[in-house]
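> Provided herewith is a single structure, encoded as structure tokens, for subsequent inquiry.
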Amino acid sequence: MDINVKLRRATALTGGAFALVLALAACGAGNDTPEGAVEGFLKDGAEDMVNAMLDGDGDKAADIAGDYFCADDVTGVKDAAAQFEGMTDEEKQQMEEMAGDTFSMFEDMSYEIGETTEDGDTATVEVSITANDETTDETFDLVKEDDAWKICGYMA
């Protein structure tokens, strides 16, 4: 595959992964509530999952994602991580340069939880996220799997 195509794909996936993390900057504690599921991911898994993806370690990324995402999204995380496998250090450096300050988003990320709507085994959580001096408003979908709330629909 042409190096420029590979770098563009990797950069797009990186951007998508970071957009996901920005989108998930939300909520409570534990996965017994929709807010808690998102909060748990942000506190305990987001940065580690993204780093595993960037390192091309799909198994580690999927293991982390399994604690926070529905089954379809775990598969999506593995697929995204596979795009980074086999990249040379030079390709990774070029990707980092193309991504700009996206990689530093965890240093100053903050969020504010808005409205949460729960309907049986589905829920939505509204979140306002600020990172790299930019604020975005996001709505997150969650489903209940095995009595635990899981973020769903972002990596599938």
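> Once you charge only the Cβ atoms, +1 for Lys and Arg and -1 for Asp and Glu, what is the size of the charge dipole of the range 55-156 about its Cα centre, to the nearest 20 debye? Could the numbers behind the result be given before it?
Numbers: 5 positive and 31 negative charges, 46 e Å.
Approximately 220 debye in magnitude.
> So if each residue of separation counts as 0.36 nm, and I subtract the Cα-Cα distance between Ser128 and Ser110, what length gain in nm does that give?
On the way: separation 18, 0.36 × 18 = 6.48 nm, distance 0.86 nm.
The span from Ser128 to Ser110 would gain 5.6 nm if fully extended.
> Further, regarding this structure: Which of rounded, prolate or oblate describes the range 27-156 when judged by the alpha-carbon gyration tensor and an a/c cut-off of 1.5?
On the way: a/c = 2.50, a/b = 1.43, b/c = 1.75.
Since a/c reaches 1.5 but b/c is at least a/b, the shape of the range 27-156 is classed as oblate.
> Work out, step by step, the length gained on full extension between Asp89 and Asp119: first 0.36 nm times the residue separation, then minus their alpha carbon distance; give nm to one decimal.
Working: separation 30, 0.36 × 30 = 10.80 nm, distance 4.66 nm.
Using 0.36 nm per residue and subtracting the Cα-Cα distance, I get 6.1 nm.
The numbers here are math on the coordinates, done by the rules we state, and not lab data. Just so we're clear, the structure is a prediction, and the values are computed from it rather than from any experiment. All Cβ positions, glycine included, derive from the backbone under ideal geometry; neighbour counts span all protein chains shown.
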